[in-house]
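Engineer: Take a look at this one; I'll ask things after.
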Amino acid sequence: MTDQSTTLVYIKNQAGVLLRDNQLEQAATLLDNACLVNCKDREIWEMQAYVYSQLENTEKLVKACFKLVELLPTAANHHFNLAFALQGAGQLPESAKAYRKTLELDPQDAQAEYNLALILQQMEETDAAEAHYKKALSIKPDWPEAINNFTQILNEKGDFSLAESLLKNAIKKTPSAINLYYRLGETYDHNCKYEESIATYNKALRLDRKSTGLCVRIADVLLRANKATDALKYYQSAQQLDPANIDAALGLISVYESQGDYDTARQHLSLLLENEEPNIQIALKYAHLFKDQDQSNKASELINKLLQDNKLSNQFKIKAHFALGKLYDSAKNYDAAFLNFQQANNLKQHSFNAPRISKLVDAIIAEFSIAQLKNSPKTSNAVNPSKPVFIIGMPRSGTSLVEQILAGHSQVFAAGELDILPRTILNISALIGCDNPYPYIVGSLTEGMLNKLANHYLEQLAKLTESKPCIITDK
């Protein structure tokens, strides 16, 4: 045995002792020196990678993982470890590349498929992420985390039926996986199935009775379902569990606002501003409630101050600039309003595809031609005591005024801009059991299909009113 080999064996043994005693810094120093003796010793680099993962030193961890890949280029596990290290360092494109290499070497690595899907989802490459979630689930079918994230994508696409089916089956097999109840409740909520959403969240609440977040979620759905009194109780329960919970406090304010009690809503918001460090959610609510009041300047100053926070998410920056645009518009400062609306739009992820849009518009024109409509079947058995009145018009054309005038009647409920029809269109294939998407499906709709769609819409509409059946506006 050479002197160098003897030295390396000694260093490895010493490093092993230090690791057992949890003396990580000393082990790291020893292993760094060992790399100077022999930079091609695989065990030294593996030990170093372990040490730096424990010390959370991502820079040196990535370096060690790169070296291991260089030494053993056909070892799938080393490519996986490199990908994982790069993922932790926030180097997502590089991490995705390393996960793809892992899968090239080991196509049955479900964890690599899942991690790659997560990264692609973060990078907003949704279609690719969906494909890798599917592959992960084909290898490991009952994986709750993969199902949870995959169904999030399905919800965003409007494929609620498939998401609902997957989540129900997953809950049967893993009834204690609370994150699945969260996602199923969210799925029902997105599909305007408010009763089912509330029931699902309540099941989750039985698993975690001290969850403030669940109380707030239930209250939010109840408020959307026009059940303000019940929503108030859940927001209050959330506050009892966590008096400092901002979402619960803002929810209470939304309840008062929905009941038309703007003075009480503003009083609660003012108290919240006095007692809490202002955050962007409070500021946005403040801007909304005080935009026509003499405190609109204060709201503008507050939002502008919060926009200086570099940690503010892109989503909240967009909301903040839109809110500022409305405030400046109300104050007749049109240049500032336009600038903020422009900034909000610039922050949005644009994926405009002109040829695709042209093709879609052409298809809509063809499917809704006069000749086509004359020969199309009509609904015949859509029966529901709640009658919709559709208010249609261009933005700023007076549709809100028309709705307010109609809502002055005791038997008219103003529902605002409902998303039931858009969601029905997104989910139309699943609802009627047909493969064609909208608008290509329109020409092949039968009377039975139309009745099913009409009743689906009317059932969702009826859930909006707690009182006796009435006329409901959909703007």
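Engineer: Report the local net charge at Ala344: Lys and Arg +1, Asp and Glu -1, summed over other residues whose C-beta lies under 10 Å from its C-beta.
Structural biologist: My count for the surroundings of Ala344 gives +3.
Engineer: Normalising by the residue count of the chain, find the relative contact order in percent from Cα pairs under 8 Å and 6+ residues apart.
Structural biologist: 8
Engineer: Classify the stretch 162-221 as rounded, prolate or oblate, taking a ≥ b ≥ c as the square roots of the eigenvalues of its Cα gyration tensor: rounded when a/c is under 1.5, otherwise prolate if a/b is larger than b/c and oblate if not.
Structural biologist: It comes out oblate by the Cα gyration axes.
Engineer: Where does helix 212-224 land angle-wise versus the long Cα axis of the chain, in degrees 0 to 90, nearest 10?
Structural biologist: 30
Engineer: Counting only protein chains, not ligands or nucleic acids, how are Asp189, Asp362 ordered by accessible area (probe 1.4 Å), most first? List each step's numbers first, then the result.
Structural biologist: Working: Asp189 25, Asp362 100 Å².
Greatest to least solvent exposure: Asp362, Asp189.
Engineer: Which shape class applies to the stretch 216-338: rounded if a/c is under 1.5, otherwise prolate when a/b exceeds b/c and oblate if not, where a ≥ b ≥ c are the square roots of the Cα gyration tensor eigenvalues?
Structural biologist: Here the stretch 216-338 falls in the prolate category.
Engineer: With Rg and the Kirkwood Rh both taken from Cα atoms, where does Rg over Rh land for the stretch 2-131?
Structural biologist: With Rg and the Kirkwood Rh in hand, the quotient comes to 1.06.
Engineer: Additional query: Per-residue accessible area for Ser410 at 1.4 Å probe radius, Å² rounded to 10?
Structural biologist: We get 110 Å² for Ser410.
Engineer: Of Lys203/Lys452; Lys305/Lys463; Lys227/Lys387; Lys317/Lys475; Lys97/Lys210; Lys203/Lys348, which ones are farther than 31 Å apart at the Cα?
Structural biologist: Values: Lys203/Lys452 29 Å; Lys305/Lys463 41 Å; Lys227/Lys387 19 Å; Lys317/Lys475 27 Å; Lys97/Lys210 42 Å; Lys203/Lys348 36 Å.
Check vs 31 Å cut-off fails for Lys305/Lys463; Lys97/Lys210; Lys203/Lys348.
Engineer: Then there is this: For the chain, what does the accessible surface come to per residue with a 1.4 Å probe? Please give it in Å². Display every interim value, and only then the final one.
Structural biologist: Working: 26490 Å² over 475 residues.
Accessible surface, normalised per residue, equals 56 Å².
Engineer: Kindly report, to the nearest 10 Å², the accessible surface of Thr446 as traced by a 1.4 Å probe over protein heavy atoms only.
Structural biologist: That residue has around 70 Å² of solvent-accessible surface.
Engineer: Continuing with this model, one more query. Cα atoms only, the stretch 268-361: Rg and Dmax in Å?
Structural biologist: For the stretch 268-361, the Cα-based Rg and Dmax read 15.7, 54 Å.
Engineer: Sort Met394, Met449 by accessible area with a 1.4 Å probe, largest first.
Structural biologist: Met394, Met449
Engineer: Residue farthest toward the positive end of the dipole of the stretch 153-211, with Cβ of Lys/Arg at +1 and Asp/Glu at -1: which of Ser211, Gly185, Phe160?
Structural biologist: Ser211
Engineer: Ok, one more. Per-residue counts of other Cβ atoms within 10 Å, averaged by peptide: what ranking do you get for 215-227, 199-211, highest first?
Structural biologist: On the way: 215-227: 22.8, 199-211: 16.3.
By packing density, highest mean first, the sequence is 215-227, 199-211.
Engineer: Can you sort Phe322, Phe390 by 1.4 Å-probe accessible area, starting with the largest?
Structural biologist: The most accessible residue leads, giving Phe390, Phe322.
Engineer: Once you have the alpha carbon radius of gyration of the chain, what is it after dividing by 2.2 N^0.38 Å, with N set to its residue count?
Structural biologist: Numbers: Rg = 28.5 Å, N = 475, 2.2 N^0.38 = 22.9 Å.
With N residues counted in the chain, Rg over 2.2 N^0.38 Å equals 1.24.
Engineer: I would also like to ask the following. Leaving out ligands, DNA and RNA, and with a 1.4 Å probe, what % of the accessible surface on the stretch 46-85 is carbon or sulfur?
Structural biologist: 55
Engineer: Over the stretch 95-235, what percent of the accessible surface lies on carbon and sulfur atoms, probe 1.4 Å?
Structural biologist: 48
Engineer: With all protein chains present, how much of the accessible area of the stretch 265-416 (probe radius 1.4 Å) comes from carbon and sulfur, to the nearest whole percent?
Structural biologist: On the way: 5650 of 10540 Å².
Ligands and nucleic acids excluded, carbon and sulfur give 54 percent.
The values are calculated or read from the model by the stated rules, or taken from the named source; none is laboratory data. Computed from a prediction, not measured in an experiment: that's the story for all the values here. Cβ atoms come from the backbone with ideal geometry, glycine included; neighbour counts cover every protein chain shown. Areas reflect the complete protein model, heavy atoms only, side chains present, ligands, DNA and RNA absent. Shrake-Rupley method; radii C 1.70, N 1.55, O 1.52, S 1.80 Å.
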